[in-house]
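Asks: Pasting a structure below so you can have a look.
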Amino acid sequence: MQRRRLGGSGIVVSDICMGTMTFGTQCDEPMSHRIMDHAFDAGIDFFDSAEMYPVPPKVETIGLTEEYVGRWMKTKPRDQIIVASKVAGPAHGWFVPPIRNGHAALDARQINLAIDQSLRRLQTDYIDLYQTHWPDHGMRYEEVLGALTRLIEQGKVRVIGCSNETCWGLMKSLWEAHSHRTARYDTVQNNFSLINRRCESELAQVCRRENVSLLPFSPLGGGMLTGKYNDGLPPGGRFTDYLATGGPRQKSMAQRFVNPRTIETARRLTQIAKDVGITLTAMAVAWSRQHDFVASTIIGATTVQQLSESLQARDLILDTETLKRIDQVDEEIPCAMKEDGLRRL
């Protein structure tokens, strides 16, 4: 397992991160612990969570993922684990999270409430990387950064990051941090995969020039890049369930990920992976890891077997010819995944 630095901070992490958003819904606690044990034994020391997990978020399950992770962390030396979590973004925009009675915000009071509750659930006195789950572009950035800076000064947080952020929002936050002498974001966690390559343009330029590390989530395109949707909607698939019984937000998400363009992209990429003797899963994770602005790629799993399939990418380097063939697919089917939601922020 390779290791990379988070931005300009002192924290260095495994270049594959264990995502935990399914722990508490698709995975019960014993299975969640087995998955985390397998990840840890494979060399992963970076685990990503959020106060709002598991997904889909519900009032009755909010915080359950952090509780699972917290109890698991008690079985390991704390300083061998790099744990990340997130404070929910504002509730008045594109999504109303079922937390704090539907009035989530990024002011100091709510950030303080969120961090203390996360620390309690995680059974630790500090979080290594604390992130805003999504931004509030109508709020003064210096207030958000000021509140997060005080958490660092109090020893509750080591470094800070953002998630689901636009290029403008990231640059705005960096300018405000410089102007007001607050802590700056060292990471940005956004959707990035072979069916959603938008980060390779403007966001990559920001990350490289400003020394901010991308933490890609959904490198398998929500399961599209395992090939399981190539022949239709599989029983038990997340997007199968979203389209059948999900609410408007879940159905909209499923339609972004599963559409004729992403299906055709996955089919062509499946053939490339077969030609080089690897799985599409391994190829997708390896492709993400090979970007110079990526610090750690966040993978998810609901079984140990699924995790093992993703871990086949940990020592895999895609050669130039394979990368050219992958790029050709993108040139022929550009921006396969529909609107990723950032334009609504």
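The values are calculated or read from the model by the stated rules, or taken from the named source; none is laboratory data. Computed from a prediction, not measured in an experiment: that's the story for all the values here. For neighbour counting, all protein chains shown are included, and Cβ atoms are generated from backbone atoms with ideal geometry for every residue, glycine included.
Asks: Where residues in segment 144-177 are touching a residue at least 40 places away in the same chain (Cβ under 8 Å) and among the small types (Gly, Ala, Ser), which of them is farthest from residue 11 (Cα to Cα)?
Replies: Only one residue tops the list, namely 169.
Asks: Continuing with this model, one more query. Inside segment 181-203, can you point out the residues that are closer than 19 Å to residue 128 by Cα and either acidic (Asp, Glu) or modelled with pLDDT under 95 (or both)?
Replies: Selection gives 186 alone.
Asks: Taking segment 21-69, which residues are within 17 Å of residue 311 (Cα to Cα) and assigned to a loop (DSSP other than H, G, I, E, B)?
Replies: If the condition is that a residue be within 17 Å of residue 311 (Cα to Cα) and assigned to a loop (DSSP other than H, G, I, E, B), then 42, 43, 44, 45 are the ones that fit.
Asks: Checking residue 59 against (1) under 29 Å from residue 252 (Cα atoms); (2) among the β-branched types (Val, Ile, Thr); (3) crowded, with 19+ Cβ neighbours inside 10 Å, which single condition isn't satisfied?
Replies: (3)
Asks: Could you please let me know if residue 197 is within 19 Å of residue 333 (Cβ to Cβ), surrounded by fewer than 23 Cβ atoms within 10 Å (Cβ to Cβ), charged (D, E, K, R) and touching a residue at least 60 places away in the same chain (Cβ under 8 Å)?
Replies: yes
Asks: Can you find even one residue in segment 57-68 that is within 22 Å of residue 154 (Cβ to Cβ) and either of a type in the set (Asp, Glu) or in contact with a Leu (Cβ under 7 Å, 6 or more places away or on another chain) (or both)?
Replies: yes
Asks: Select from segment 174-205 the residues that are aliphatic (A, V, I, L, M) and in contact with a strand residue (DSSP E or B) (Cβ under 8 Å, 6 or more places away or on another chain) and list them in ascending order.
Replies: 174, 177, 183, 188, 203, 204
Asks: A further question on this structure: Any idea how many residues of segment 209-232 are within 19 Å of the chain's Cα centre (by Cα) and surrounded by fewer than 19 Cβ atoms within 10 Å (Cβ to Cβ)?
Replies: Residues flagged as within 19 Å of the chain's Cα centre (by Cα) and surrounded by fewer than 19 Cβ atoms within 10 Å (Cβ to Cβ) within segment 209-232 amount to 1.
Asks: Same structure again: Would you check if residue 86 is under 19 Å from residue 11 (Cβ atoms) and surrounded by fewer than 18 Cβ atoms within 10 Å (Cβ to Cβ)?
Replies: Taking the combined requirement at face value, the residue does not satisfy it.
Okay, residues lined up against (1) closer than 28 Å to residue 40 by Cβ; (2) modelled with pLDDT of 95 or more; (3) not in a loop (DSSP other than H, G, I, E, B):
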{"residue": "286", "(1), (2), (3)": "yes, yes, yes"}
{"residue": "301", "(1), (2), (3)": "yes, yes, no"}
{"residue": "310", "(1), (2), (3)": "yes, yes, yes"}
{"residue": "315", "(1), (2), (3)": "yes, no, no"}
{"residue": "322", "(1), (2), (3)": "no, yes, yes"}
{"residue": "334", "(1), (2), (3)": "no, no, no"}
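Asks: Right, here's the next one. I need the full set of residues from segment 158-181 which are buried (at least 22 other Cβ atoms within 10 Å of the Cβ) and β-branched (Val, Ile, Thr), in order please.
Replies: Scanning segment 158-181 gives 159, 160.
Asks: Against the definition (within 23 Å of residue 239 (Cα to Cα), polar (S, T, N, Q) and surrounded by 18 or more Cβ atoms within 10 Å (Cβ to Cβ)), how does residue 22 come out, yes or no?
Replies: Against the criterion (within 23 Å of residue 239 (Cα to Cα), polar (S, T, N, Q) and surrounded by 18 or more Cβ atoms within 10 Å (Cβ to Cβ)), residue 22 qualifies.
Asks: If you don't mind, another one. Across segment 89-115, which residue is surrounded by the fewest Cβ atoms within 10 Å (Cβ to Cβ) among those that are in a helix (DSSP H, G or I) and in contact (Cβ under 8 Å) with a residue 40 or more places away in the chain?
Replies: 108
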